[in-house]
Amino acid sequence: MSRIATLEIDGKKYEFPIVEGTENEIAIDIKSLRGSTGGITTLDPGYKNTGSCESAITFLNGEKGVLRYRGYSIEELAEKANFLEVAYLLIFGELPTRAQLDKFHSDIKAQSHVDEDVKKILDGFPKSAHPMGVLSSLTSALVAFNPSSVNVDSEEDMYNAIVRILAKFPVLTAWAYRKRAGLPLDYGDDSLGYVDNFLKMMFKKPNGEYASDKKVVDALDKLLILHADHEQNCSTSTVRIVGSSHAGLFASLSAGINALWGPLHGGANQAVIEMLEAIKEDGGDTKKFMAKAKDKEDPFRLMGFGHRVYKNFDPRAKIIKKSADEVLESLGIQDEVLDIAKGLEREALEDSYFVDRKLYPNVDFYSGIIYRALGIPVEMFTPMFALGRLPGWIAQWREMRLRKEPIGRPRQVYIGETQRSFKPIENR
Ligand code: CMC
């Protein structure tokens, strides 16, 4: 029997259907609210209670600490799959066969060149420019070089736009880094795997060979998988809402990159390592920083702690913490900030402020420590998040287009002045 929710306003009752997801998530379908009530709307700043869409891509249960892509647990995918397989899974819904994966990879490789003129745009940026700004600008600029990627009316058009951006985005990410590092731009080597090739594009010196290290490739592969999708977060919702105007995939992604940049979202990974460094520089007194984080008069927050949805542990943080130990050990690196991070975690998990508010380490708490061990500089941490999140953004954009979702356009409750007459400037 279908269930309904009843809303009573000023004695009048309205009924709304209850929608149930495959994981028994329940939502009240309020599509008819404004029409039936004569214009009454809902108010939900930050969309904490609003389901913006129905989606079959990622399931997460914040109370239980569960994360699954297309039904597969994040723990199993991080252990057994590679990043490109996960990208295919997210975008197309099923794990690829060997033949499907090979075709996908070779279609990507066929598009891995970036127009030489894009280098002129990159040249215009100062070396000090943050690579997230560079990346969002270059991703947007790609529209001009690939105008056919905008009008994607068939699945084939969409596929072409998707493989294009999956091919060119790692090049742009590596170029953003090389520009900053004063290295000549490089195209990598398409005979390598997707992640291995990215590392080569980043780190190959003009006067030396690039030596692939399996431990490094595997560690980065895992990190990218863990970041690949996270349902309707700030950047993903941005991609879907921009895409809903049919602005095109690359423009939508460019907007998503900007949303990810903020320190409350993807920018947290950079903020975490800067915080841990600051604690180290300050003599390593974690208690002092814990006190700052708890002080409501102090804007300082314990970066890498807390999550809008996870009110239990973030399953990605668990995997990354273990991986950080393994990577540092296998690369023979001792990093004092890892000990500081573990100390902070221990203290926070015993502190009633954090316990009562259900604040646990999130995906960004340990990821920076691994990036650093892999030789990736701090300002590239958030671009690495973007590279990992790319398949998720694409999958969500594609789903939104295939479901023919309407243009995103929230309502508001107006709290400004009511109508008044214009005053000439001399009378104000
Ligand atoms: N340090 C200290 N206090 C915190 C923190 C923190 N990191 N996070 C939340 N709180 C407190 C907050 O002050 C509030 O306290 P009170 O109830 O006394 O006013 C309470 O916990 C609830 O916080 P909120 O800001 O209402 O929670 P939210 O769901 O709106 O925000 C968050 C979630 C992730 C933005 C927030 O926890 C935060 O700013 N964390 C630090 C930044 C961070 O690590 N971001 C990465 C998120 S994971 C990667 C991603 O998906 O982007």
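Annotations
- Carbon plus sulfur fraction of accessible area for the chain, probe 1.4 Å, in percent: 50
- Sorted largest first, the spans of the alpha carbon positions of region 190-307 along the three principal axes are 53, 45, 23 Å.
- Rounded if a/c under 1.5, otherwise prolate or oblate - region 27-98, Cα gyration tensor axes: prolate
- Taking a ≥ b ≥ c as the square roots of the eigenvalues of the alpha-carbon gyration tensor, region 108-167 is classed prolate because a/c is 1.5 or more and a/b outweighs b/c.
- Convex hull volume per residue in cubic angstrom - Cα atoms of region 167-242: 115
- Estimated from helices alone, the mean residue ellipticity of the chain at 222 nm is -16000 deg cm²/dmol (sum of -39500 (n - 2.57) over DSSP H runs with n ≥ 4, per residue).
- Net charge over other residues, Cβ less than 15 angstrom from the Cβ of residue 361 (K, R count +1; D, E count -1): +3
- Per-pair calculated FRET efficiency, R0 = 41 Å: residue 101 and residue 4 via Cβ, rounded to 0.05: 0.35
- Distance from region 408-428 to region 1-80 (C-alpha centre basis), Å: 34
- With Rh defined as the Kirkwood radius, the inverse of the mean 1/r over Cα pairs, the Rg/Rh of the chain is 1.00.
- Note on the chain: GNM, Cα springs under 10 Å; of 218, 335, 298, the largest mean-square fluctuation is that of 298.
- Listed values for region 177-188 are Karplus-derived 3J(HN,Hα) couplings in whole Hz (6.51 cos²θ - 1.76 cosθ + 1.60, θ = phi - 60°), namely 5, 5, 4, 5, 7, x, 9, x, 5, 9, 9, x, and x replaces Gly and Pro.
- Cα-based shape type of region 1-144, given that a ≥ b ≥ c are square roots of the gyration tensor eigenvalues and the cut on a/c is 1.5: oblate
- Exposed chymotrypsin sites (Phe, Trp or Tyr not before Pro) absent - longest run of the chain, DSSP non-H/G/I/E/B, at most 11 other C-beta within 10 Å: 1-413
- Distance from the C-alpha centroid of region 142-183 to that of region 355-404: 19 Å, rounded to the whole angstrom.
- Charge-dipole axis of region 344-422 as Lys and Arg at +1 and Asp and Glu at -1 on Cβ define it, positive-most pick from 408, 384, 354: 408
- Note on region 328-401: Rg/Rh from Cα positions, Kirkwood definition for Rh, rounded to two decimals, is 1.10.
The values are calculated or read from the model by the stated rules, or taken from the named source; none is laboratory data. Since we're looking at a predicted model, the values are computed, not measured. Cβ coordinates were reconstructed from backbone atoms using ideal geometry, including for glycine residues, and neighbour counts include every protein chain displayed. Side chains included, ligands, DNA and RNA excluded: accessible areas come from the protein's heavy atoms. Shrake-Rupley method; radii C 1.70, N 1.55, O 1.52, S 1.80 Å.
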